[in-house]
Structures are given as structure tokens and as C-alpha cells.
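The values are calculated or read from the model by the stated rules, or taken from the named source; none is laboratory data. Since the structure is predicted, the reported quantities are computational estimates derived from the model, not experimental observations. Cβ placement follows ideal geometry from the backbone for every residue including glycine, while neighbour counts extend to all protein chains displayed. For the accessible areas, the whole protein counts, side chains as well, though only heavy atoms, and no ligand, DNA or RNA atoms are used. Shrake-Rupley method; radii C 1.70, N 1.55, O 1.52, S 1.80 Å.
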Amino acid sequence: MKLVFAGTPEVAVPALDALIASDRHEVAAVVTRPDAPAGRGRRLVASPVAERAEEAGIEVLKPARPRDEDFLARLREIAPDCCPVVAYGALLPRAALDVPAHGWVNLHFSLLPAWRGAAPVQHAVMAGDEVTGASTFLIEEGLDSGPVYGVLTEEVRPTDTSGDLLTRLAFAGAGLLVATMDGIEDGTLHAVPQPPEGVTLAPKITAEDARVRWSEPALRVDRVVRGCTPAPGAWTVFRGERLKLVQVTPVTDRADLAPGELSAAKNNVYVGTGSHAVELLWVQPQGKKPMRAADWARGVRIVHGELLGA
């Protein structure tokens with residue numbers, strides 16, 4: 001099939017690479033979000049998908065809005081058979097959805113209908129899911145509600161951050177997306193409506209969602225930190241400034257600390273929660289690089305009874 005691939009961040013690049021490598025399909029063009037300011041200089045930078053497409057000599061379309069008539073006219077000129085999508089980042093209007101004969105097929109990083117929305121992997125980790133996965137589905141105008149072509153499952157490991165899990169799903173999902181294109185092309189694959197039961201939503205994680213509440217159990221604190229790593233980053237407050245929590249681990253033999261109470265030894269830093277303590281392993285003070293929590297504690301000279309989150 002002739003394809004127009006839509007995607008923006010690094011997590012979409014494995015799928016684009018897999019489609020480019022396929023000997024059954026042609027990636028005629030790529031649709032991605034416009035260049036965005038990045039870094040301290042805030043200069044405009046192309047998306048990872050745009051950079052990869054340009055390296056491969058593929059036409060790149062960067063509409064400000066997918067409803068822009070210039071974009072829609074070019075899409076009609078290309079006349080794709082299907083448009084595979086991975087984390088494009090913009091809502092597609094009906095005028096765009098109607099262009100390809102086989103529609104727009106999204107690779108979504110959850111087992112639909114669970115975790116519909118922008119942050120399925122973060123929510124799966126924060127909720128303590130033991131298994132998640134990826135799904136390919138036909139895009140409709142509803143939120144991730146279209147019929148499903150295929151799924152794969154992936155274990156959520158006890159120490160997984162959302163970044164770890166998303167990386168594995170990106171590469172496994174790339175194969176699923178190619179297999180879905182193959183099945184659509186040869187007529188052996190048909191989309192099945194999602195069941196009405198089991199729908200959960202995964203909206204974008206806000207900064208407030210990422211704030212650690214020390215009154216919650218240690219298991220929940222650990223899940224929030226892992227689910228918000230690398231982005232947007234779990235955080236708390238220490239002496240009036242934000243402290244990012246990069247890595248923690250629950251410890252069952254410390255239940256003597258009040259929620260948020262710090263206890264620093266030579267090589268360990270513990271914080272009380274609503275259950276037993278967690279050990280801080282890596283933190284990132286405001287304006288600084290990540291560092292070992294023990295090094296941070298020595299530098300700030302924690303006072304007995306000091307609290308995080310106060």
C-alpha cells in the first residue's frame with residue numbers, strides 16, 4: 001500500500017523505521033507537528049519523526065492544523081491507501097479521515113479499551129497494572145474508540161519507569177503496526193469493535209498529578225515516581241523549592257518515620273509515607289543535574305525532623 005505516516009516524538013520513530021524497511025509498502029510522505037522551540041536558546045527544532053523522514057528522503061508535511069486546506073489538498077494529491085499513526089499529537093478532522101481508502105490506523109500503547117487518551121503508559125504504571133500492551137485501531141472521531149485490528153501484551157516489571165515500558169512497547173508495537181498494514185492490504189485482517197466494558201481514561205499527566213503526597217502508602221509513592229519518569233517528573237518540596245524525585249524504592253523495615261519525615265545516614269536517605277518508608281536513590285534539586293540522594297543529603301545537611309512536601 002501507499003502510506004502516509006503520522007507521528008511526532010522519538011517513540012514513533014521505530015514504527016516509521018519498520019514501515020520504511022517493509023518490502024510490501026511505500027511510505028510516500030510523513031505528517032508531523034510543526035517545528036517547536038527547544039533548549040536554552042529556544043530555537044526551532046524539527047520533530048524526531050521529521051528528522052528521520054528527511055534522512056530517508058521522504059516528503060515531510062508540517063501543518064499547523066490538520067484541517068488546513070493546503071494540507072488536505074496535498075494529502076488528496078498523494079492519495080494514500082492508508083495512514084498509520086503513532087503519537088501524532090493533533091486531532092484529525094473528518095475531511096482528513098476520509099482521504100485514505102483504508103482510513104487512519106493508530107498504534108496506541110494500551111490494551112484498549114483500557115487507558116484511552118494521551119498518557120496510557122504513565123497511567124498503567126501509576127495504577128499498578130501488571131500487564132499492559134499495544135493496540136492498532138481504526139481512528140474515528142471519538143477518543144481512541146475505534147475498532148481494533150490487533151493487540152500485543154507486555155509485562156509491567158516491578159522497577160519499570162514509564163520511559164522503560166514505553167521504549168519496549170515502541171519497538172514491539174512497530175512490528176504490530178507493520179503486521180496490521182500487511183493484513184489490511186491482503187484482506188485477512190478486519191477490525192473488531194471495542195467492548196463497552198473496561199473503558200478507562202488516560203489524560204495527560206499534569207504537574208499536580210506528579211506531586212508526591214507523602215501521606216499515601218509507599219507503594220503508591222513508588223508508582224507515581226516511576227510513572228512520571230522521565231516526564232513530567234515526580235516532585236516534592238524541600239525548604240521551599242521543588243525537588244525532583246528520580247528514583248525511590250520502598251523499604252519494609254522502616255515504619256518509624258512520619259509522612260514526609262527525612263532520615264539521612266551516611267549512604268542512605270529515607271522518607272516516611274502513609275505506610276512504611278521509601279529510600280530516596282536519585283534526586284534532582286532545582287536548577288541542577290540528577291544526583292545520588294545521599295550526596296544531596298550531605299550537601300544540604302538535613303536537620304533532624306525535617307519534612308519533604310511541607
task: Have a look at GLY187, GLY175 and point out the one that is without any contact (Cβ under 8 Å) to a residue 12 or more places away in the chain and either under 15 Å from GLN122 (Cβ atoms) or of a type outside the set (Ser, Thr, Tyr) (or both).
output: GLY187
- request: State yes or no: is ALA64 closer than 23 Å to ASP144 by Cβ, exposed (fewer than 15 other Cβ atoms within 10 Å of the Cβ) and of a type in the set (A, V, I, L, M)?
  value: no
- prompt: Where in segment 124-241 are there strands (runs of 3 or more DSSP E), lying fully within it, with 3 or more residues that are closer than 30 Å to GLY272 by Cα and touching a strand residue (DSSP E or B) at 6+ places or on another chain (Cβ under 9 Å)?
  reply: 234-238
task: May I ask you to list the residues in segment 277-287 that are over 11 Å from VAL225 (Cβ atoms) and either among the charged types (D, E, K, R) or at pLDDT 95 or above (or both)?
output: ALA277, GLU279, GLN284, PRO285
message: Can you find a residue that is open to solvent by 10 Å² or more (accessible area, probe 1.4 Å), farther than 27 Å from LEU61 by Cα, touching a Gly at 6+ places or on another chain (Cβ under 6 Å) and among the aliphatic types (A, V, I, L, M) anywhere in segment 89-111?
response: yes
- line: Checked segment 285-298 for anything under 16 Å from LYS244 (Cα atoms) and in a helix (DSSP H, G or I); matches are ALA293, ALA294, ASP295, TRP296, ALA297
- request: Please determine, by comparing only the residues of segment 33-59 that are free of Cβ contacts under 8 Å to residues at least 24 places away in the same chain and acidic (Asp, Glu), which one is surrounded by the most Cβ atoms within 10 Å (Cβ to Cβ).
  value: GLU51
Complete set of residues in segment 239-248 that are open to solvent by 50 Å² or more (accessible area, probe 1.4 Å), under 28 Å from the mean Cα position of the chain (by Cα) and either touching a residue at least 60 places away in the same chain (Cβ under 8 Å) or within 13 Å of GLY227 (Cα to Cα) (or both): GLN247
query: Among the residues of segment 250-280, which ones are outside any loop (DSSP other than H, G, I, E, B) and open to solvent by 50 Å² or more (accessible area, probe 1.4 Å)?
result: ALA264
Within segment 15-32, considering residues that are open to solvent by 20 Å² or more (accessible area, probe 1.4 Å) and part of a helix (DSSP H, G or I), the one farthest from PRO84 (Cα to Cα): ALA21
task: Just one of (1) farther than 24 Å from SER47 by Cα; (2) surrounded by 21 or more Cβ atoms within 10 Å (Cβ to Cβ) trips up VAL151, so point out which.
output: (2)
